[in-house]
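Down below is the structure, laid out as structure tokens.
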Amino acid sequence: MTEQADLDLRPKLIGARIKRTEDPRLLTGLGNFVDDRQVAGVLHVAFRRSDHAHARIGPIDTAAAQAAPGVTAVFTAADFEKTVKPLRATSRMKGYYATPIRPLAHDKVRYVGEPIAGIIAESRYFAEDAAERIAIAFEPLPHVADPAEAAQRGASLLHEEAGTNVLVAREFKRGDVDAALAAAPVRVKARFRMRRRTPLALEPRACVAEYDRSRDALTFYSTTQVPGIIRDSIAEALDLPGHRIRVIAPDVGGAFGGKASLYPEEIFVCAAAHQLRRPVKWTSDRMEDFAATGQAFDEIIEAELGFDRDGRALALAADVVGDVGAYSIYPWTAALEPVQVVSFLPGPYRIEHYRGRVQAVATAKAPTGPYRGVGRPTATFVTERLMDMAAAHLGLDPKEIRLRNFVRAEDFPYRIGSGIQWDRSGFAECLTAACDRIDYAGLRQRQVQVRTAGKYFGIGIASYAELTGIGSRISVAPGMPINTGTETATVTVDSTGAVTAAFGIASHGQGLETTLAQVIAEHLGARLEDVRIVHGDSAAVAGGSGTYASRSMVLAGGAATLAATAVREKLVNAAAHLLETAPGDLVARDGRVTVAGTDRWVTFREVARAVYAEMGRLPHEARGELAASKTYDPVFGTTTSATHIAAVEIDPATLEIKIERFVVAEDCGRIVNPLIVDGQVHGGVAQGIGAALYEEIVYDVEGQLHTGSLVDYLVPSACEIPPLEVVHIESESPTTLGGFRGMGEGGTIGAPAAVANAVADALAPLGIEINELPVTPERLFRLLSAARK
Amino acid sequence: MSARAIKVTVNGVAYERSVEPRLLLADFLRHTLGLTGTHVGCEHGVCGACTVLVDGDSARSCLMFAVQADGARIETVESLGTIGQMNALQEAFHEHHALQCGFCTPGMLMTATDLMRKYPLASDDEIREGLSGNLCRCTGYEHIVRAVRAAVGRAKDAPS
């Protein structure tokens, strides 16, 4: 039997519904989250944060705070002037201004909640007491809250040295969009608005820097998705070599992009621990999380889509203003979210002529940063609303207009007008499968019946494509300070035969300890329970960034495949000597190397002992370390697609929008673990429903935050989220190793558009369009009142 | 502030400690007793991550001071099954993938424990209503509802 034939016969680990190895510790209270760490002699931090949105910082009187009970030290920006180098999210983008990132506000504050002073005390209680005793003389500066006003010449500047509040402006175009739109017989146009939100992981951000006096080194535990990036940036800020700063992300309680950037508090805690030569800890409370964790969305989009008389899209033009908040977040830059809106606006459709213009405008609000879907939820909302508006105009069914415009099977690979290339993915297959599952035709019939009874019942479709598993040829900001395009796996069989696989990724709910073990065990021929996955540790591999952008299974899974295969070859070669047979006759499976078709085998443990411990048992050439380190780069990345369908009913009295059914049909390529894929889709959809109906960060015209608690910022509970149905279309990816496509974010990309389309469909008899999300009862009431006038 | 002596029973173990009146019950459990399974997500009583049982009723340990628990019997996630021997509810969460990051999980488990002791949980709507005071950002609740449904079914089938 050939090795391949044997591989085909045995039970597959990749694709199996395997219960997670992470679960038992998390279910029994034995999880190891950052704030759970008990560190002897640790000092606690409370920050005095700005209550002004935009003000010059005058003299700061810290004497009373210094003298308060339990206080060890009080730091302001002046204390780090010589010891901490400001960092900048650099990029080669033309006209881009990279704002400095410092541990504490320097000269000015630029948003409510910006840290100005850090108090270090024996307990958090003492630190908070002392924070109130700091007196700061503020000199208020003009408001910079509205992005359109802030972009004007003469507006008050947040960063005077930039000369403008427009931190970056870009344009993507193909063809002659003005001429094509002018010639298009059917045009739809609207102004859309996606309101600001926050990622809101249930675990607030936290970090603790443990100081090793013996070698002037820090071990920094942080709730981060990107330990490699944090290690590199702290090393730069404090001018330390990488081996004296190790960053560990232990169990992390959700992140959704909100823990994927470098934060001032992280620099502060490291710098303070380094200066005090003591362990220092900070745990954010929920108010701080609302005020200072990277926020998301907040775009205004003017878009127009032109069609021929048969409903085929010809040209799309869009102007986007992104309100990016006060700083260009490190390392992603302020371009991250708004630029990706214009990158993905053409969606899964053939649209020959395209122009997307975008401005990222600084305002006196918390900085925006990565959030699940990055730009795609907004882009999908806009394009899918335009598709439905055009369908209504043309008298076409929303399903039909999408089928007429999808990139067809024969068109792949297809480059959309922004330059992004789609490879083969089940665009039409997902739409068809979602319609079948929800009984689309049946729902439309029911809609006719209930409408005559005066009910508001609507069905909304959203189809999208996303770029996942992005390789080294594509960067969110050209020339930014990190490489997002590769990941490394180091697989080691130690002298006991145990398998350890180390990665640069950092799982924080995705179950990668389970799924990467599935990949390693399958390619190595190990037993799943013998494989330990090490991740979330900057010391695990020489260079790595972390987990974000639906990349970990594509990149780390690819690296795992390469490294495990290389180690299997070494095991087999060594075993060939022990079994006195040719390597080609051997197969590795279940932790043993077996002579194919016989019952002669040696265990990994026996092979490992022979290689490492038993002198003279193997010839020199078969005694190489049973380890391999491999780096994988998917170069361009791959395409994941899906269709979401929502059916909603609106209560005419309360205007409560009840989602009756929600179906997702998605193509994430080869599925490693269906249980986990379902969970990722469910969670993404729930956050997308939040974006559509509930979740909104509100700043007033003065830049004051009005949604600083969970009482004001509404997160959907189990009662607001309907039962979720998922259909998998598993088409192999032609470009990635293993055929994996990324899938962590997609749920959040499709759901806002599907719900918006369903609400608009429910209210279609009244001629109401839903062009602003979230569509709260108040917004709906205003729309209905206006329509009835 | 002067410390006060309190006596509490946590997971069957009696403790006598001297605490400051302003110490939150959540901080007492986590940092004084080292029972870090109870998590703190909002400190204002909305998210439910810190849910424990106080004298048999679910309560937000971030909305109570430790001194208010003087004389009380407290159950936390550490009172349920162990890694080697999880209880039926924990097993159902494991089987149905009802947790992702695991941060809300201890609170979910304690709320579900309370619900299962007191109510029939005959429908999924009843389960959702019962869990509506516990926020989860990862799962979309679907698998949590299925897990609780399965645990309720298993409890019903078990010989009484």
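Observations on the structure shown:
- Computed about the Cα centre, the dipole magnitude for segment B:4-79 is approximately 140 debye when only Lys and Arg (+1) and Asp and Glu (-1) carry charge, each at its Cβ.
- Extended-chain gain in nm, criterion 0.36 nm per residue less alpha-carbon gap, A:Ala786 and A:Glu122: 233.3 nm
- Loop-located GluC sites (Glu not before Pro) in segment A:670-758 (DSSP state other than H, G, I, E, B) with a sparse environment of at most 16 neighbouring Cβ atoms within 10 Å: A:Glu702, A:Glu730, A:Glu732.
- Unit charges at the beta carbon, dipole of segment A:687-752: most positive-side option, A:Leu724, A:Gly688, A:Pro752: A:Leu724
- Expected 222 nm ellipticity per residue - DSSP helices of 4 or more, -39500 (n - 2.57), all of chain A, to 500: -9000 deg cm²/dmol
- For A:Lys12, the solvent-accessible surface with a 1.4 Å probe is about 90 Å², rounded to the nearest 10.
- Here A:Glu160 and A:Leu766 are evaluated by their C-beta separation; at R0 = 51 Å the FRET efficiency comes out at 0.55.
- Shown here for segment A:451-485: trypsin sites (Lys or Arg not before Pro) in loop regions (DSSP other than H, G, I, E, B) with at most 16 other Cβ atoms within 10 Å, namely A:Lys455, A:Arg473.
- Interface between chains A and B: roughly 4500 Å² of accessible area buried, both sides summed (probe 1.4 Å, protein heavy atoms only).
- Other residues with beta-carbon under 10 Å from the beta-carbon of B:Pro120 carry, at +1 per Lys or Arg and -1 per Asp or Glu, a net charge of +1.
- Our helix-only sum for chain B, with -39,500 (n - 2.57) per DSSP H run of n ≥ 4 divided by its residues, gives a mean residue ellipticity at 222 nm of -9000 deg cm²/dmol.
- Sites A:Glu621 and A:Ser472 - FRET efficiency at Förster radius 45 Å, r taken between beta-carbons, to 0.05: 0.85
- Take every pair of alpha-carbon atoms less than 8 Å apart whose residues are at least six positions apart; their mean separation over the length of chain A yields a relative contact order of 16 percent.
- Net length gained if the chain between A:Glu149 and A:Asp436 were fully extended (0.36 nm per residue, minus Cα distance): 98.6 nm
- Heavy-atom accessible surface of the protein assembly as shown: percent carbon and sulfur, 1.4 Å: 50 percent
- B:Arg17-B:Ala158 FRET efficiency (beta carbon distance; Förster radius 35 Å; 0.05 resolution): 0.40
- Å² of accessible area per residue within segment B:88-157, as computed with a 1.4 Å probe and no ligands counted: 32 Å²
- Sequence-separation-based contact order of chain B, relative, with Cα cut under 8 Å and 6+ spacing, percent: 23 percent
- Inter-centroid distance (Cα atoms) of segment B:60-103 relative to segment A:333-382, Å: 41 Å
- Neighbours of A:Val664, meaning other residues whose beta-carbon lies under 12 angstrom from its beta-carbon, give a summed charge of -3 when Lys and Arg score +1 and Asp and Glu score -1.
- Length added when fully stretched, A:Asp212-A:Lys94, from 0.36 nm per residue minus Cα-Cα: 38.2 nm
- Within segment B:101-145: backbone nitrogen closer than 18 Å to the A:Thr654 label point (7 Å, Cα to C-beta): B:125-134
- Segment A:298-388: trypsin sites (Lys or Arg not before Pro) falling in loop per DSSP and having at most 12 other Cβ within 10 Å: A:Arg309
- Each Cα pair under 8 Å and six or more residues apart adds its sequence gap; the mean of these over the residue count of segment A:333-488 is a relative contact order of 28 percent.
- The protein assembly as shown - Rg over Rh from alpha carbon coordinates, Kirkwood radius: 0.97
- DSSP assigns beta bridges within the protein assembly as shown; of those with both partners inside it, close to 80 percent run antiparallel.
- Near A:Ala477, once Lys and Arg are set to +1 and Asp and Glu to -1 for all other residues with Cβ below 13 Å from its Cβ, the sum equals +3.
- Label separation (A:Glu81 vs B:Lys118): 5.9 nm, computed from points 7 Å beyond Cα along the C-beta direction.
- Positive-end residue, chain A charge dipole about Cα centroid, Cβ charges, pick of A:Leu528, A:Pro185, A:Tyr111: A:Pro185
The values are calculated or read from the model by the stated rules, or taken from the named source; none is laboratory data. Since the structure is predicted, the reported quantities are computational estimates derived from the model, not experimental observations. Quick reminder, even Gly has a Cβ in these numbers, built from the backbone with ideal geometry, and neighbours come from all protein chains shown. Heads up: the accessible areas ignore ligands, DNA and RNA and are worked out on the full protein's heavy atoms, side chains in. Shrake-Rupley method; radii C 1.70, N 1.55, O 1.52, S 1.80 Å.
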